[in-house]
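Below is one structure, written out as structure tokens; comments come after it.
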Amino acid sequence: MKKPSITLAITAALITAPVFANPQQMDPNMPGMAGMHEATPADVQGVGVVKAVDTAKGSITLQHEAIAAIGWPAMTMPFKVASPGLLTHVKVGDKVQFTFRQASTGSTVTAIRPAR
């Protein structure tokens, strides 16, 4: 009688091994999963200096300090704004505190005020 080959044994193990679902495809409403699908906090706080305001595009460019809550180093980057009204009280050079939300389509500033 012939012994099975290692390839045959590995193939059999792979065929009978359980298949795990991709966590992004799991049902977020499943018991115990509340909040587990969020990789970052809903609202993130930052401090920075206004470098540009584009009311036509609804965006603001901020040179922000490091944001430890999400592991971002200090950098300069554009943000969308949730409401055009957020841009009416800021100008280039202002030091501001801001709140934003992250999404796959980019980060959106939801609140902005002068820094203390």
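Computed from the coordinates by the stated procedures, all read-outs in this text should not be read as laboratory data. This is a predicted model, so every value here is computed, not measured. Counting neighbours? That spans all protein chains shown, and the Cβs are built from the backbone with ideal geometry, glycine included.
With neighbours defined as other Cβ atoms within 10 Å of a residue's Cβ, the residues R101, R113 order from fewest to most as R113, R101. Each residue, K80 and S104, gets one label point 7 Å from its Cα in the Cβ direction; the gap between the two is 1.4 nm. The Cα atoms of the range 44-114 define a convex hull whose projected area, averaged across directions, is 4.1 nm².
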